[in-house]
Amino acid sequence: MTARPLQGFDVSVTVVGVNGPALVGEFEEMSLNINSEAEAYMTLNSKMPIYLDGEVTLDGTLKRGYIDAGGAVKAAFDTSTLGPDIKFTQPRYVISADFNVPEKGLVGRYNLSQCIIDKIGLSFTKGKAVVNSDYSFKAEGIEEV
């Protein structure tokens with residue numbers, strides 16, 4: 001039997017803060033980038049570099065319909081007002097993507113730790129289109145469970 005790929009129906013994405021679930025509701029889409037910024041090193045008389053281990057960074061985006069009216073800025077920055085004289089400390093989150101499809105042999109989770117939201121994008125279009133909200137994040141760690 002041919003293995004079937006994982007589909008969006010098979011994944012649940014949630015965000016948890018220090019006080020429990022944050023940015024309540026599931027997300028329609030999550031992208032995750034794991035970047036290894038290897039450094040090229042040229043040895044003497046060589047035309048081809050060798051690569052040294054570099055910094056590894058984690059970032060991505062969360063997307064869904066806009067259900068955070070009046071709470072998107074507060075969720076990301078722990079204040080509902082931003083300005084030059086406003087002092088704040090951004091909250092940290094755990095973002096989890098759960099896979100629970102035993103019939104495909106896929107059961108597990110990605111836990112992204114110490115996530116900080118570094119960008120909020122809201123898209124408003126006239127008519128019946130859904131208002132979208134995009135949250136860009138950076139994470140300090142990842143664990144495959």
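Observations on the structure shown:
- Gained length - residue 56 relative to residue 116, 0.36 nm times residue gap less alpha-carbon distance: 20.0 nm
- Environment charge of residue 110, counting only residues whose C-beta is closer than 9 Å and scoring Lys/Arg +1, Asp/Glu -1: -2
- Distance violations [Cα-Cα > 32 Å] among 104/126; 47/119; 74/128; 87/138: 104/126; 47/119
- Dividing the radius of gyration of the alpha carbons in region 5-139 by their Kirkwood radius gives 1.10 for Rg/Rh.
- With 10 Å bins beginning at zero, the pair-distance distribution over Cα atoms of region 40-90 amounts to 17, 24, 20, 12, 17, 10, 0 %.
- Note on the chain: GNM, Cα springs under 10 Å; of 19, 100, 111, the largest mean-square fluctuation is that of 19.
- Between residue 74 and residue 89, the distance separating the two model label sites (each 7 Å from Cα on the Cα→Cβ line) works out to 2.0 nm.
- Environment charge at residue 33 (Cβ cut-off 15 Å; Lys +1, Arg +1, Asp -1, Glu -1): -4
Where a number appears in this text, it was derived from the coordinates with a stated rule and is not lab data. Note that this is a predicted model, so its numbers are computed, not measured. Methodologically, a virtual Cβ is constructed for each residue, glycine included, from the backbone with ideal geometry; neighbour enumeration extends over all protein chains shown.
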